[in-house]
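Here, each number is a calculation from the coordinates, and none is a lab measurement. Since the structure is predicted, the reported quantities are computational estimates derived from the model, not experimental observations. Here the Cβ positions follow ideal geometry from the backbone for every residue, glycine too, while neighbour counts run over all protein chains shown.
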Ligand code: GAP
């Protein structure tokens, strides 16, 4: 076994460093870049797709594979405009917009400006000025965040439709379908992952707040009397999900909403917040939506949406507990939490210490040299691992040190090196990304070895 190298760690990371790594290594690019970019939309490259897919797969695993009281749904992005009337989004899904009347004419969210003043110890109810140029600000105007488009070939009144601003409503309007076909009774949940769109006034901070993003939402329908118990349970379950995927406990907190922060549909909400480089910010919200949505859709559609309990003879509208997360925002938190720079034997390396299940590539297969049958052997190992469903990357270009560094930067947990001895002893060197330990292991059984490692409990090796 190789000796563990001396490691000096620096766990500080800025958003700029994350953006630079994401671009350099092909995780995320600004969208429409060759045309100068389009405000706050992003395209995911190869490793970004693999990472975000892993985040979504882990969410599905926790919602579907590990439980039998939740079913899946994939509803349309375009829905009947009445959905948004009933849900309250047409009237209520607004942010208070103020515009600078001075030099810069920039637009701001009034609530964000007041929050910033309060954080700096000032009076949030006092007069506010443009943070950019100090100019006077216009009175606040409520700005609806929904993107509007038109159904059919002619743009005219009466055919306006909206891109959904949350996936949740697709679940409520299918409640009856699921009740009829899924043979579930409360407590049970309906889970969905999909794109949502919001015409945010102040998007920014990379993929933290964008105008097009993916949500991972689950609506859990419960007997009204059990809502409090399930609200607490889901806060715990969702917090554990992040911790089990390696987020450091000291970087995660649960923050209950103040009354004046609650959305129009919620009687109580707690945010799971992560300490991003921009400060503590929402990662996911767990809301008690009561029977608000089912009542609204029942009233607006005229369809009965009650559940009839045959055992008790009771008919009622279930209450809903909703854990609502963002796939992009979660991917960002995992990237930030995993990012590390450290000195290894006098050289700096950047490494993503991602949970192996989240890592875009699980193993890099590396022939030590491009000769003496090593590439062929490495290719054969690569093929076997891929056939076992393990995402690998074959890399034969450049010095072995350089190849390790490249894999460290994309967070590949294991390096498999084929060397001069491999063809005689049937062994390869398995390098661990975090401990940097190198062990000789037999080729036979490699897929099982890695598959076993992927389901082991894992804790971030980073401190802090
Ligand atoms: N159905 C409830 C709902 O949509 P939300 O707090 O507005 O609640 C849930 O959104 C999650 O969706 C947020 O915690 C965040 O992770 C993600 N999200 C919301 N707006 C976003 C945006 N503009 N960009 C990226 N993610 C966003």
Report task. Sticking to Cα atoms, compute the Rg of the chain to one decimal and its Dmax as the biggest Cα-Cα distance, whole number, in Å. Result -> 25.4, 78
Report task. Measure nothing fancy, just the Cα-based angle from helix 46-60's long axis to the longest principal axis of the chain, in degrees from 0 to 90, nearest 10. Result -> 60 degrees
Requested in this report: Hey, for a label at residue 127 modelled as a point 7 Å past Cα toward Cβ, could you say which residues of the range 90-108 have their backbone N under 15 Å away?
Outcome: 101-102
Query raised in the report: Label-point separation (nm) for residue 104 and residue 72, each offset 7 Å from Cα along Cα-to-Cβ?
Result: 4.5 nm
Report summary line: Most exposed first, judged by fewest Cβ atoms within 10 angstrom, 149, 341 run 149, 341
Query raised in the report: What FRET efficiency, computed as 1/(1 + (r/R0)^6) with R0 = 35 Å and r the Cβ-Cβ distance, is obtained for residue 249 and residue 61, rounded to the nearest 0.05?
Result: 0.95
Query - Hydrodynamic radius of the range 325-373 per Kirkwood, over alpha carbon pairs, in Å - result: 13.4 Å
Report task. Using only Cα atoms, find the angle between the long axis of helix 374-387 and the longest principal axis of the chain, and express it within 0 to 90 degrees, rounded to the nearest 10. Result -> 30 degrees
Query - Two-site label geometry, residue 379 and residue 257: point separation in nm, points 7 Å out along Cα→Cβ - result: 5.7 nm
Query raised in the report: In square nanometres, what is one fourth of the surface area of the convex hull spanned by the alpha carbons of the range 309-464?
Result: 14.2 nm²
Query raised in the report: Quick one: Cα centre-to-centre distance for the range 383-454 and the range 196-275, in angstrom?
Result: 37 Å
**Report entry** Stretch gain in nm, segment residue 155-residue 347, where the contour uses 0.36 nm per residue and the Cα spacing is subtracted
**Finding:** 63.0 nm
Report task. List the equivalent ellipsoid semi-axes of the range 25-114 in whole Å, largest first, each obtained as the square root of 5λ for an eigenvalue λ of the Cα gyration tensor. Result -> 33, 26, 14
Report task. Report, in deg cm²/dmol and to the nearest 500, the calculated mean residue ellipticity at 222 nm for the chain, where each DSSP H run with n ≥ 4 adds -39500 (n - 2.57) and the sum is divided by the residue count. Result -> -8500 deg cm²/dmol
Query raised in the report: Helix 446-455 versus the longest principal axis of the chain: what is the Cα-based angle in degrees, 0 to 90, to the nearest 10?
Result: 30 degrees
**Report entry** Descending Cα extents along the principal axes, the range 349-421, whole Å
**Finding:** 34, 29, 17
Report summary line: Semi-axes a, b, c in Å (a largest) for the range 154-288, each sqrt of 5 times a Cα gyration tensor eigenvalue, come to 26, 24, 14
Query raised in the report: Points 7 angstrom from Cα along the Cβ direction at residue 97 and residue 402: gap in nanometres?
Result: 5.1 nm
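What translational diffusion coefficient, to the nearest whole µm²/s, does the range 137-231 have by Stokes-Einstein, given a Kirkwood radius computed over alpha-carbon pairs, a temperature of 4 °C and 1.567 mPa s viscosity?
On the way: Rh = 16.4 Å.
In µm²/s, the coefficient is 79.
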